[in-house]
Amino acid sequence: RVMVELQQSLNRFCLFSLLLLVQFHWRVGVGSPIIALAGDDVILPCHLEPVTSAASWTVEWTKPGLDPEFVHVHEDGRLLHEIQNPSYYYRTRLFVDELEHGNVSMKIFEVKLSDEGTYRCSLPVVQEEVFVQLIVGKLVQNSESLRKSVNYLFRNNTIFKNVVPTAGPEAIV
């Protein structure tokens with residue numbers, strides 16, 4: 001009987017803890033797409049607020065439509081290399097020292113044009129997800145025609161000279 005009551009108390013505590021945990025919300029560092037040039041390193045922001053340690057939780061970064069879709073999975077203090085999409089081998093990392101502060105942002109090294117797209121940041125324990133869009137451009141060679149008509153990419157009052165977006169003109173708002 002004492003064991004049953006102890007088990008019920010433990011179950012209520014776990015349920016209460018889970019309800020508190022579900023009340024956390026996500027915050028992405030920027031509200032607009034992340035823009036990078038092919039070959040650059042880029043950080044895709046993802047943070048838990050209020051600040052809560054994610055050091056012991058599984059962190060999943062996926063790219064919907066990719067097969068396999070796992071870009072980076074951090075579990076038990078390590079990258080699960082065996083389920084990672086091969087095109088991201090040795091090109092991603094989390095800021096492990098920042099996990100305890102709720103920073104689960106991912107860095108992609110040497111961004112490729114094929115990296116462009118929407119990424120999902122999720123922590124299964126809280127059953128929430130955030131989407132971050134990455135736009136990758138490439139530098140074009142200077143030429144006479146380029147001097148006459150320079151390509152600009154406008155995003156949030158930032159001008160990128162000589163950048164050609166990989167999406168069509170309708171994607172540039």
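Inside region 133-144, residues that are modelled with pLDDT of 85 or more and over 13 Å from VAL111 (Cβ atoms) make up a count of 1.
The residues in region 83-93 that are loosely packed, with under 14 Cβ neighbours inside 10 Å and β-branched (Val, Ile, Thr) can be counted, and the count is 1. Kindly indicate whether any position in region 18-30 is closer than 30 Å to LEU139 by Cβ, of a type in the set (A, V, I, L, M) and modelled with pLDDT of 80 or more. No, there is no match, as no residue in region 18-30 is closer than 30 Å to LEU139 by Cβ, of a type in the set (A, V, I, L, M) and modelled with pLDDT of 80 or more.
Residues considered: SER56, SER122, SER105. Of these, the only one that is more than 11 Å from the chain's Cα centre (by Cα) and among the small types (Gly, Ala, Ser) is SER56. Find the residue count for region 47-67, including only residues that are more than 13 Å from THR118 (Cβ to Cβ), outside any strand (DSSP E or B) and out of contact with any helix residue (DSSP H, G or I) (no Cβ under 7 Å at 6 or more places or on another chain). Of the residues in region 47-67, 4 are more than 13 Å from THR118 (Cβ to Cβ), outside any strand (DSSP E or B) and out of contact with any helix residue (DSSP H, G or I) (no Cβ under 7 Å at 6 or more places or on another chain). Looking only at region 94-122, residues that are surrounded by fewer than 18 Cβ atoms within 10 Å (Cβ to Cβ), under 19 Å from ALA38 (Cβ atoms) and not aliphatic (A, V, I, L, M) come to 7 in all. So which of GLY77, GLY102 is at pLDDT below 95 and in contact with a His (Cβ under 6 Å, 6 or more places away or on another chain)? The match here is GLY102. Checking each residue in region 37-67 for being free of Cβ contacts under 8 Å to residues at least 60 places away in the same chain, surrounded by 13 or more Cβ atoms within 10 Å (Cβ to Cβ) and of a type in the set (D, E, K, R) picks out only LYS63. Restrict the check to region 68-82 and report whether at least one residue is in a loop (DSSP other than H, G, I, E, B) and surrounded by 16 or more Cβ atoms within 10 Å (Cβ to Cβ). Scanning region 68-82 turns up no residue that is in a loop (DSSP other than H, G, I, E, B) and surrounded by 16 or more Cβ atoms within 10 Å (Cβ to Cβ).
The values are calculated or read from the model by the stated rules, or taken from the named source; none is laboratory data. Fair warning: this is a prediction, and the values are worked out from it, not measured in the lab. For neighbour counting, all protein chains shown are included, and Cβ atoms are generated from backbone atoms with ideal geometry for every residue, glycine included.
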